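Scroll down for the structure; my scribbles are underneath it.
The values are calculated or read from the model by the stated rules, or taken from the named source; none is laboratory data. Bear in mind that the values here come from a model prediction, so they are computed numbers and not experimental data. Cβ sites come from the backbone with ideal geometry, for glycine too, and all protein chains shown count toward neighbours.
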Amino acid sequence: MAAANVFQTPALYTAFLAIFTVGCAAPPDAPDKLEELAAFLFDHADDDDPASLKVGVENLDAWLSNNMEDAREGYTVSRLSSDAIAAVGVDTAHADGLVGAAVATTLPKGTQKVTRALVSADPTKVYPDTYTTYDRDWIDDPDCFIDRDCAAASMRAHTVSAYPMGLEVTSDFKAQYRWVETEKGMAMIQRTWLRRPAEVSKDWVAVPAQFFLSVNLPHNGSTRRLQTTWIAAEMSDTPVPEAAALSMVIDSMVTGDEELAEWIR
């Protein structure tokens with residue numbers, strides 16, 4: 001399996017460097033409740049009726065309230081249903097063998113400011129060491145969504161990322177964004193998936209599918225953020241220590257949120 005650097009895309013990127021890391025223990029398996037909630041929210045992110053989504057978001061908020069410290073360390077996840085994968089137009093064969101990670105962080109501003117950064121900021125400036133190209137094609141009006149005049153928005157994007165060792169990754173993905181009203185305020189859910197296999201400049205790895213979910217929860221003027229990524233990857237001659245790769249996934253997501261936090265301050 002390969003790892004992922006997930007800002008708001010399902011691209012794998014920096015954690016490919018995990019192949020050079022050894023002796024790292026795997027993150028613990030996610031508690032059943034957390035893994036079920038993440039998979040449930042990915043599955044229902046585009047429901048016409050937001051009732052199930054609201055219940056799922058509030059259940060996640062309650063779970064994080066009791067487990068935030070542990071969730072900051074990150075977990076291994078693998079469960080995503082064939083129905084959820086089929087719903088986004090991806091081959092359900094990828095449901096078998098998915099491996100990924102989930103991690104929770106706290107951002108210093110509320111969900112609307114976080115959403116503005118995720119939706120409208122230039123990722124090549126927020127993450128200048130990651131993206132060389134990040135082209136968005138909005139299907140809906142992003143400003144309407146940011147202002148909360150529209151409940152949802154979606155876009156397609158084409159990205160190119162360059163990394164050490166001559167590694168370059170090109171990906172095309174779709175992202176959906178959704179406001180969910182909760183008892184504590186407006187939460188924002190983002191669901192993202194590769195529209196086609198990523199193109200990788202090294203022939204020892206192929207990534208036919210990847211899925212990503214972020215849940216951004218209002219919390220006393222800040223944002224609690226859960227990121228979950230599920231990855232299908234195929235390796236050839238170069239063995240990847242899975243434990244190291246999963247730890248790199250988590251480190252990458254945490255580092256990305258540290259950069260995002262600096263951007264929105």
| remark: Within segment 106-132, the count of residues that are surrounded by fewer than 20 Cβ atoms within 10 Å (Cβ to Cβ) and more than 17 Å from Thr192 (Cβ to Cβ) comes to 13
| request: Please specify each residue of segment 117-152 satisfying the condition of being within 16 Å of Thr170 (Cα to Cα), touching a residue at least 24 places away in the same chain (Cβ under 8 Å) and in a strand (DSSP E or B). | output: Tyr131, Thr132, Thr133, Tyr134, Asp135
| Which of the residues belonging to segment 153-184 are among the small types (Gly, Ala, Ser), in a strand (DSSP E or B) and surrounded by fewer than 16 Cβ atoms within 10 Å (Cβ to Cβ)? | Ala162
| query | Got at least one residue in segment 218-229 being surrounded by 24 or more Cβ atoms within 10 Å (Cβ to Cβ) and closer than 23 Å to Val160 by Cβ? | reply | yes
| Test: Val6 is within 18 Å of the chain's Cα centre (by Cα), at pLDDT 95 or above and surrounded by 14 or more Cβ atoms within 10 Å (Cβ to Cβ) | no
| Within the set of pairs 6+ apart or on separate chains, which have a first residue in segment 99-116 that is at pLDDT 95 or above and in a helix (DSSP H, G or I), a second that is of a type in the set (Ser, Thr, Tyr) and crowded, with 18+ Cβ neighbours inside 10 Å, and C-beta atoms under 8 Å apart? | Thr111/Thr223; Val114/Thr223; Thr115/Tyr177
| Leu17 versus (1) assigned to a helix (DSSP H, G or I); (2) surrounded by 24 or more Cβ atoms within 10 Å (Cβ to Cβ); (3) modelled with pLDDT under 90; (4) not aromatic (Phe, Trp, Tyr): which is the lone unmet condition? | (2)
| query | Which one is surrounded by the fewest Cβ atoms within 10 Å (Cβ to Cβ), of the residues in segment 46-62 that are free of Cβ contacts under 8 Å to residues at least 60 places away in the same chain and of a type in the set (A, V, I, L, M)? | reply | Ala51
| query | Quick one: in segment 35-45, which of the residues that are under 13 Å from Val88 (Cβ atoms) and in contact with a strand residue (DSSP E or B) (Cβ under 6 Å, 6 or more places away or on another chain) is surrounded by the most Cβ atoms within 10 Å (Cβ to Cβ)? | reply | Phe42
| field | Criterion: within 22 Å of Ala153 (Cβ to Cβ) and either touching a helix residue (DSSP H, G or I) at 6+ places or on another chain (Cβ under 6 Å) or crowded, with 24+ Cβ neighbours inside 10 Å (or both) - qualifying residue of Ala209, Ala187 | value | Ala187
| request: Within segment 22-32, identify whether any single residue is in contact with a strand residue (DSSP E or B) (Cβ under 9 Å, 6 or more places away or on another chain), more than 30 Å from Asp129 (Cα to Cα), at pLDDT 95 or above and in a loop (DSSP other than H, G, I, E, B), and answer yes or no. | output: no
| message | For the list (1) part of a helix (DSSP H, G or I); (2) surrounded by 17 or more Cβ atoms within 10 Å (Cβ to Cβ), I need the number of the one condition that Asp83 fails. | response | (2)
